[in-house]
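Down below is the structure, laid out as structure tokens.
Quick note: the coordinates plus some simple rules give every number you see, no bench work behind them. This one's a predicted model, so the numbers in the text were calculated from it and none came from an experiment. When we count neighbours, we look across all protein chains shown, and the Cβ atoms used for this are built from the backbone with ideal geometry, even at glycine.
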Amino acid sequence: MLKTILFVAVGGAIGSVLRYLVALLVSKFWSNNFPVATLIINVSGCFLIGLLIGILDKNQISNSNFKWFLITGFCGGFTTFSTYSYENLVLFQNNNSALAFTYIALSTIFGIVAVWFGLFLSK
């Protein structure tokens with residue numbers, strides 16, 4: 001268990017640092033009100049989690065510490081949006097469209113409300 005936690009922690013640290021570096025790089029070339037850096041990070045994270053899950057499954061190593069390092073750690077540190085997107089894709093693939101749309105709506109609405117409430121409480 002401790003070994004797995006370390007894999008997640010190291011992967012998360014690397015993903016978080018990369019997120020920061022990508023945001024810095026994008027901000028040098030794009031200075032607009034639209035959050036291009038976050039969009040690029042989220043979409044590339046979604047691509048990456050799909051690619052990595054596919055590679056791990058194909059090579060039958062999906063239940064290893066390597067998975068915890070790459071998927072939960074790295075992708076989780078880089079963007080949690082990738083996990084959210086993957087979970088919705090699985091719901092759609094399992095013919096649970098209503099549940100997927102509910103998850104999307106609740107995540108979006110509650111997420112925005114939670115940010116607002118946190119800001120409200122901090123003032």
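With r defined as the distance between the Cβ atoms of F110 and N32 and R0 fixed at 30 Å, what FRET efficiency is calculated, to the nearest 0.05? If you can, show how the numbers build up before the last one.
Working: r = 28 Å, r/R0 = 0.92.
The formula returns an efficiency of 0.60 here.
Membrane-span-like helices in the chain (whole DSSP H runs, Cα extent of at least 30 Å along the helix axis, mean Kyte-Doolittle hydropathy of at least 0.0): 2-29, 36-58, 97-122. Among N88, N32, N42, the largest mean-square fluctuation in a Gaussian network model of the chain (Cα springs under 10 Å) belongs to N32.
Within segment 10-123, the proportion of C-alpha pairs whose separation exceeds 17 Å stands at 65%.
So between Q60 and K123, what do we pick up on full extension, going 0.36 nm a residue minus the alpha carbon distance? Present the calculation step by step, with values, prior to reporting the outcome.
On the way: separation 63, 0.36 × 63 = 22.68 nm, distance 5.03 nm.
Roughly 17.7 nm would be gained on extension.
Were the residues from L39 through N96 laid out at 0.36 nm apart, the gain over their Cα-Cα distance would be 17.9 nm.
For the peptides 89-100, 9-20, 112-123, residues were scored by their other Cβ atoms within 10 Å and the scores averaged per peptide; the highest-first order is 9-20, 89-100, 112-123. What the phi angles of segment 68-75 give under the Karplus curve with 6.51, -1.76 and 1.60, with θ = phi - 60°, is a coupling list of 4, 5, 6, 7, 6, x, 4, 5 Hz, glycine and proline written as x.
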